[in-house]
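Since the structure comes first, as structure tokens, the remarks are kept for the end.
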Amino acid sequence: MVSRQRWEERRNAFRKAEQAFQQAQAEVAAATAALIQAAADREQLLVLDRRLTMLSRRETEVSAQRERQVLNLRDRLITSPVDGVVDKTLVNPSEFVAAGQRLLMVHDPKKVWVSANIKETDVRHIKIGSPVTVSVDAYPDNLFEGKISKIGNAATSEFALLPTPNPSGNFTKIVQRIRIRVDLNEKSELLRPGMMVEVNVGIDDR
């Protein structure tokens, strides 16, 4: 036997405990679901990690293939060391070429010089820097000025394709030629490789 007030208090406490228990069950269920989802996410993460590793290896393979293709392309490109004009082609399109084979003849219009052969008896009258005037057969009214930049160290006969040595000592004395190089003061697009010129070298009267 208890008082009604005490009975009401006990019943209310029981209902509150029952509600707390149900709430706790709900939280346990939610936590269990979250745990299952986390496990699933972890499995998915492992799958993604393995795929990332596979894609990384694939990227390395593709990068190596690309490098090989770049090298192959570079091996098939022939570049000129200078900007210039093609004078003559020595191969035809689609023709196979070998290392060291001549393909083109190119010259730089901005770097044209004159190569002349002078008598060996006149070498003593010239020196590096001697002034030179050049007349070209193609343009008889034009004169080009320059300076001697190089004097050969041997006669041109020493570089002949078929030299004629004479070990017997019997020979006809012939005045040899020494090659000189003349750098022009002003570059002109009128000049072309292979043109015939006349060179006049200024010498000191003394």
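Computed quantities for the displayed model
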quantity: Members of region 79-96 that are part of a loop (DSSP other than H, G, I, E, B) and closer than 30 Å to L190 by Cβ; calculated: T79, S80, P81, V82, D83, G84, L90, V91
quantity: Of residues in region 190-206 being at pLDDT below 80 and either assigned by TED's automatic domain parsing to the domain that holds E120 or not basic (K, R) (or both), the one farthest from G84 (Cα to Cα); calculated: D205
quantity: Given (1) in contact with an Asp or Glu (Cβ under 7 Å, 6 or more places away or on another chain); (2) not assigned by TED's automatic domain parsing to the domain that holds R192, number of the condition W113 does not satisfy; calculated: (2)
quantity: Failed item, numbered, when L45 is tested on (1) over 30 Å from R192 (Cα atoms); (2) touching a residue at least 24 places away in the same chain (Cβ under 8 Å); (3) not acidic (D, E); calculated: (2)
quantity: Subset of region 29-80 (residues that are surrounded by 10 or more Cβ atoms within 10 Å (Cβ to Cβ) and β-branched (V, I, T)); calculated: T32, I36, V47, T53, T60, V62, V70
quantity: Number of positions in region 132-146 that are among the aliphatic types (A, V, I, L, M) and loosely packed, with under 13 Cβ neighbours inside 10 Å; calculated: 2
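The values are calculated or read from the model by the stated rules, or taken from the named source; none is laboratory data. Keep in mind that what you see is a predicted model, and the values were worked out from it rather than measured. When we count neighbours, we look across all protein chains shown, and the Cβ atoms used for this are built from the backbone with ideal geometry, even at glycine.
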